[in-house]
Amino acid sequence: MSIDFTKKRFLVIDDQPLARDALRSIAQTVGAFAVEFATNYQDAIYRIRHNIPDIILCDYVLGDGRSGQQLLEELRRFNLLPDECIFMMVTGEQSYEQVVAAVELVPDDYIIKPFSPEKLLLRLERIIARKNFFAAYYKEKRQQEYARALSILDAQRNSEAGRPYRFEILRQQAEVLLISGDAESAEASYRNILENYDFPWARAGVARSLHKQNRLTEAREEIEQVVSKTPHFFDAVDIKASICMDQGEHAEAQKVLDEVAKKTPRNYLRKRLLAEAATLNGDMETARSTMADVIANDTMPGAISAEDRLNVARSHINGNDKISAEKVLVSLRDSEVQNFDLATQASYAALLAISSPERGKPRFAGLRPALLATEIPPTARLDILRAALGIGDHELADKQTAHLMSGDDAKRTFNTVRSQYALHGREKDFREIQRQVALKRIQHDETPAT
Amino acid sequence: MQDLLDILASGVHDAKNQLFVAESLIASAELERQLDLGEARYAVEAAAERLSRTLTAYRLLRQGEQASICPVIVADLCAEVALAQRRHLAAKHIRLSVDCQIVDECLFDRDLVTDMLNNAVQNAARFARSEVRLSAWLDDETTVFRVIDDGPGYASLPPPFGIGLMVAERLAAIHRRRGRRGSLHLSNGGLLGGACFEVRLP
């Protein structure tokens, strides 16, 4: 295969000037005409956002506590890497191979320094061949046409041309099954891969599939294996923490996230998770300071979401600082709030009703009929419950509690709900709701299947 | 001991970065002045390989090295070894031929195995008269790599183990799958009549 690299735009990302020049020279030797530089993480993101290159050569060590791996994760998180764009990690450390062998999110390839222009060329040509092979599949996946994406993979799996990519095909199949919501099939696919070899990413996939099926004990067992065998696979710790939270083990979730967050101080997705675990664990100060760090330092445009601001407001309310909570909430523009979905609007109105009753109550009351009639995620339910208890709307509060205690999030939210009822002197009522939920469950279990 | 390993790894890392700068300068000079400095670049890469191998040997001796198993396209790996060695061997009038019969992806540590095969080809070329052959095939579920030459063969069997062979033997052994482990086999009198270096990975 011969590819014309003169028309390709290269972006070299390296914080060391000499190394940058070296990468540029090599790129030019393979025929690259246009080679741009990015000198640091932010610069790289800016350049990629504004003018997507064809080929990214990114050094693994970017300085300032950031790594090329983190950049890659961030680019994928914000959907800034089109399928056609090649991301090649460049590293002097052989140990990066351990990362690639373990983690779920990998670059198109990595190359160890020093390397010749010819070797780079060979690697780039192979990546292009692989991208061409998967092009039709990528297109369907991007458009969320999962059934079609899976049927393409099925056909490829049995084709002669697919033989060199058989593991990649299996991996993509499992991933698409999981994204499309078929957690049972995803689990089977990941287990099928594990029969070949105990890949940490595949075992983590099993754990995520089990988590989605709410089989928490099994999910926890699987992810514990991954965490203990591959301590540098940090995302596995995030998965473990999420499972712990659903098991009601908030202290463990906070502890493991805290340890990893110290090693990855600029990973703000992980910090958000830490804040969530701290909130559930009742460590309001950690939740508040962690969210403050996120808001101040997650500088990617669009990174700070409405949910983040609501989290900050929540952390202030938890810390009994209603004035600061109100400040955060009123800083959100009305036009912005009107565009929220119902659950986010409900959280906003509830938190405002708690921090500033005269401002928030009317909005909260306006939403009441919708809140009684609609399925709402647990975080918003907790906010509604809290506001409702505060204004003495027992019906609304108890309905949220009954929902929370009868669903998959019961263990996750139990402590918070119980403490809210205690705060309003309604422990007995809480126990009664629990009893009713348990009775209903027994009746449901005893009803013969028809 | 972990500290010593960190210091060594960091030193090797820095040295390899410097060697990369050197290689890129040579590549630029070749492009600008239409020179062929392939042997200079080969020497730079060989120096970097030695550094990596020494670090790997140290890790293996401390039994701290783990194989990073990934799916690998074996034909691509053989092509890379050929790319790295063929010109250097040709300068010594030795032909490097590659015979890869594996189409499917196989599971092993790409970087460690590539280094092992580069080293095996270099060793074979030191004694070969005119030809070195790298071949790869599947034997049941075992991936087999073989490097043979038309030289006089190993003077004794087993031959005295230098760093290269020691690393090769241990690297093979850290490849474990389904209760089996990799192995190294050295013999004489293969298809080309000389030494035969064979690695079997489960």
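If the condition is being open to solvent by 10 Å² or more (accessible area, probe 1.4 Å) and either more than 7 Å from chain B (Cβ to nearest Cβ) or over 21 Å from A:Lys131 (Cβ atoms) (or both), then region A:88-100 contributes A:Glu93, A:Gln94, A:Ser95, A:Gln98, A:Val99.
Among the criteria (1) buried (at least 17 other Cβ atoms within 10 Å of the Cβ); (2) away from chain A (no Cβ under 14 Å); (3) of a type in the set (Phe, Trp, Tyr), the one B:Phe108 does not fulfil is (2). Against the numbered list (1) open to solvent by less than 20 Å² (accessible area, probe 1.4 Å); (2) over 24 Å from A:Glu74 (Cβ atoms), A:Met291 comes up short only at (2). Check whether at least one residue in region B:67-76 is more than 7 Å from chain A (Cβ to nearest Cβ), farther than 29 Å from B:Asp150 by Cβ and open to solvent by 20 Å² or more (accessible area, probe 1.4 Å), and report yes or no. Yes: one or more hits.
Criterion first (open to solvent by less than 30 Å² (accessible area, probe 1.4 Å), free of Cβ contacts under 8 Å to residues at least 60 places away in the same chain, more than 30 Å from A:Asn214 (Cα to Cα) and touching a Lys or Arg at 6+ places or on another chain (Cβ under 9 Å)) does A:Leu389 satisfy it? Judged against the criteria, A:Leu389 is not a match.
Of the helices (runs of 4 or more DSSP H) lying entirely inside region A:1-77, those carrying at least 2 residues that are without any contact (Cβ under 8 Å) to a residue 24 or more places away in the chain and away from every other protein chain (no Cβ under 14 Å) are A:41-50.
Scoring B:Lys92 on the criteria (1) touching a residue at least 12 places away in the same chain (Cβ under 8 Å); (2) more than 16 Å from the chain's Cα centre (by Cα); (3) not assigned by TED's automatic domain parsing to the domain that holds B:Gly162 leaves a single failure, condition (3). Regarding B:Ala168, is this residue surrounded by fewer than 20 Cβ atoms within 10 Å (Cβ to Cβ) and either touching a residue at least 40 places away in the same chain (Cβ under 8 Å) or within 14 Å of chain A (Cβ to nearest Cβ) (or both)? Against the criterion (surrounded by fewer than 20 Cβ atoms within 10 Å (Cβ to Cβ) and either touching a residue at least 40 places away in the same chain (Cβ under 8 Å) or within 14 Å of chain A (Cβ to nearest Cβ) (or both)), B:Ala168 does not qualify. Selection over region A:175-229 of residues that are part of a loop (DSSP other than H, G, I, E, B), open to solvent by 20 Å² or more (accessible area, probe 1.4 Å) and closer than 26 Å to B:Gly179 by Cα gives a count of 2. A:Asn320 meets each of the listed conditions (1) of a type outside the set (D, E, K, R); (2) more than 26 Å from the chain's Cα centre (by Cα); (3) in a helix (DSSP H, G or I) apart from (3).
Only a single criterion out of (1) aliphatic (A, V, I, L, M); (2) out of contact with any Lys or Arg (no Cβ under 9 Å at 6 or more places or on another chain); (3) open to solvent by less than 80 Å² (accessible area, probe 1.4 Å); (4) not assigned by TED's automatic domain parsing to the domain that holds B:Ala124 is not satisfied by B:Leu25, namely (3).
Summed over region A:329-356, residues that are over 23 Å from the mean Cα position of the chain (by Cα), surrounded by fewer than 22 Cβ atoms within 10 Å (Cβ to Cβ) and among the aliphatic types (A, V, I, L, M) total 3. When A:Pro369 is tested against (1) part of a helix (DSSP H, G or I); (2) open to solvent by 40 Å² or more (accessible area, probe 1.4 Å); (3) under 30 Å from A:Arg215 (Cα atoms), only condition (3) is not met.
The condition of being more than 26 Å from A:Val226 (Cα to Cα) and either of a type in the set (A, V, I, L, M, F, W, C) or free of Cβ contacts under 8 Å to residues at least 40 places away in the same chain (or both) holds for only one of A:Val256, A:Val294, that being A:Val294.
Number of residues in region A:355-413 that are over 23 Å from A:Asn318 (Cβ atoms) and acidic (Asp, Glu): the value is 3. Does B:Arg133 count as more than 13 Å from chain A (Cβ to nearest Cβ), at pLDDT 95 or above, assigned to a loop (DSSP other than H, G, I, E, B) and open to solvent by 40 Å² or more (accessible area, probe 1.4 Å)? For B:Arg133, the condition - more than 13 Å from chain A (Cβ to nearest Cβ), at pLDDT 95 or above, assigned to a loop (DSSP other than H, G, I, E, B) and open to solvent by 40 Å² or more (accessible area, probe 1.4 Å) - is not met. Pairs linking a residue in region A:151-162 that is more than 17 Å from A:Ser189 (Cα to Cα) to a residue that is surrounded by 15 or more Cβ atoms within 10 Å (Cβ to Cβ), with Cβ atoms under 7 Å and 6 or more positions apart or on different chains, are A:Ala161/A:Phe133; A:Gly162/A:Gln156; A:Gly162/A:Ile169. Taken over region A:124-149, residues that are open to solvent by 10 Å² or more (accessible area, probe 1.4 Å) and within 14 Å of chain B (Cβ to nearest Cβ) amount to 6.
Residues in region B:14-57 that are within 21 Å of B:Met116 (Cβ to Cβ) and facing chain A (nearest Cβ under 7 Å): B:Lys16, B:Leu19, B:Val44, B:Glu45, B:Ala48, B:Ser52. Just need a number here: residues in region A:103-119 that are open to solvent by less than 20 Å² (accessible area, probe 1.4 Å) and at the interface with chain B (Cβ under 8 Å from one of its Cβ atoms). Summing the residues that are open to solvent by less than 20 Å² (accessible area, probe 1.4 Å) and at the interface with chain B (Cβ under 8 Å from one of its Cβ atoms) in region A:103-119 gives 5. Among B:Arg86, B:Arg181, B:Arg146, which is the only one that is touching a Cys at 6+ places or on another chain (Cβ under 9 Å) and open to solvent by 20 Å² or more (accessible area, probe 1.4 Å)? Criteria check complete, one pass: B:Arg146.
The values are calculated or read from the model by the stated rules, or taken from the named source; none is laboratory data. Fair warning: this is a prediction, and the values are worked out from it, not measured in the lab. Reconstructed Cβ throughout: ideal geometry from the backbone, glycine too, with neighbour counts over all protein chains shown. Areas reflect the complete protein model, heavy atoms only, side chains present, ligands, DNA and RNA absent. Shrake-Rupley method; radii C 1.70, N 1.55, O 1.52, S 1.80 Å.
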